[in-house]
Every structure is written in structure tokens, then in C-alpha cells.
């Protein structure tokens, strides 16, 4: 990854991030195209508005039309007709949103499809493989996002699991990158709820794993 720091101020900075598909000026707004397209607006409109990157949803694209179909079509960029960078999430937020019907273990999450109820499993191996199949420029580690009402004990368990999965995600990512000769950027995700010490510990541990970038996860889950 190439990140060039252009300017800093007391409360922010400007930079330039190089990806496989283009250079992105930071900070930037990332439109959410859950299934690969935004509702009511064309890609041309997005470009005219200055969009530099799209956020697409790993879980939903895996369910329909499937990452294997998209891979066979030449990857997500070609499938949706977008030649700018794409970031895919890990599917971890769906673990949170579908939590009433899921079972979380150290291996991953067993849950049911929101479309037809079919049993599904998502873990570090599955998440990273799907994202590599999609061909995104920036991919995210599979993580556990605890609800805002979670106890400290449950948040600690989620952080421990997130760190365990982060190590596994990087191993899978490096293996696939070597096998396929193409490497997206892999970001670790900081969890810890509203417990600042847990967030700090999670961030420090992720840094030791050495990712291309880091995201702050577990926000907008009911906290106030």
C-alpha cells in the first residue's frame, strides 16, 4: 500500500491512498452500494458528484448472486461496471444484525440466510476468500461486533475473538494473494464497545499483526 501524507492540521490530515484501481484523496465519503449498485442514482451520477470509491456488502453479494458467479464474470468491478476502487466489508456486521438467529464460536458464526432461511457459516477463511473472489481493492477482517447493551465480559470476549480472527484472516489473505498473484489491501477492525481501555488494547494488538490499515468498528449499534 502507498499512503502519502499531504498535509496535517490540529484535528485532521489530508492524504493520498493508492489502490489497485486508482488513487483516492483522503478524507473521502464512501457511498454504500450494498449489492453493487446504489438505488436511484447511476455510476455516472456518482462520478459527477466526486465519488472515489464504493462500499459493497460481502454477505449480500455472497448470498446473491454469489461470489463465485461474480468471480467468473471477471470480478465485482467488471460485474457492476465500476472502474474505481471498491471496499468490501467482512460480513461481521451481519453477524450483529442477524444475531437473534446465530451461534458464535471461535471458529466463526452459524446463522440463517435472510432470504430463504438456509443455514450458513461465516468465519475468517470464508470471509477473506469471498472478498478475494469479489476482487475488491480494500477488504476487511472478519470481526465480532457486540451490541451496545453487551456486558464488559461479553465485550472482552468479542475483542479476544476479533483478535484471533484477525490473525487467521491475515494468514488466509497472504496465502490467497500468493496463489492468485493479486493482493488487495487488508484492514484490521478495532472493537471494544464503549470500553476505551478494551479499544486501546485491541488497536495495539492489531498493530502488532501489521495490517495495511485499520478501521474503527462497532459504532452505530445503539450507543448514545
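A short reminder: the numbers here are calculations on the coordinates, not readings from a lab. All values reported here derive from a predicted model rather than from experimental measurement. All Cβ positions, even for glycine, are placed from backbone atoms using ideal geometry, and neighbour counts span all protein chains on display.
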Considering only C-alpha atoms, what is the centroid distance from the stretch 135-178 to the stretch 20-75, in Å? 22
Residue list for the stretch 178-200, given a label point 7 angstrom along the Cα-to-Cβ vector of residue 13 and an amide N cut-off under 19 Å: 185-190, 200
Note on the chain: contact order normalised by length, alpha-carbon pairs under 8 Å, 6 or more apart, percent, works out to 15
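How large is the helix-only mean residue ellipticity at 222 nm for the chain, computed as the sum of -39500 (n - 2.57) over DSSP H runs with n ≥ 4, divided by its residue count, in deg cm²/dmol to the nearest 500? Intermediate values should be presented prior to the final figure.
Numbers: 8 runs with 83 residues, N = 224.
Computed mean residue ellipticity for the chain: -11000 deg cm²/dmol.
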Label selected from (1) 23; (2) 31; (3) 38, the criterion being percent of Cα pairs over 30 Å apart as computed here: (1)
Which distance in nm do the two modelled labels at residue 20 and residue 83 give, with both placed 7 Å along the Cα-to-Cβ direction? 1.7
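Evaluate the relative contact order of the stretch 1-68 (contact order divided by residue number), counting alpha-carbon pairs under 8 angstrom at least 6 apart; express in whole percent. Could the numbers behind the result be given before it?
On the way: 77 pairs, mean separation 16.0, N = 68.
Here the relative contact order equals 24 percent.
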Among 100-109, 120-129, 166-175, what's the highest-first ranking by average C-beta atoms within 10 angstrom per residue? 120-129, 166-175, 100-109
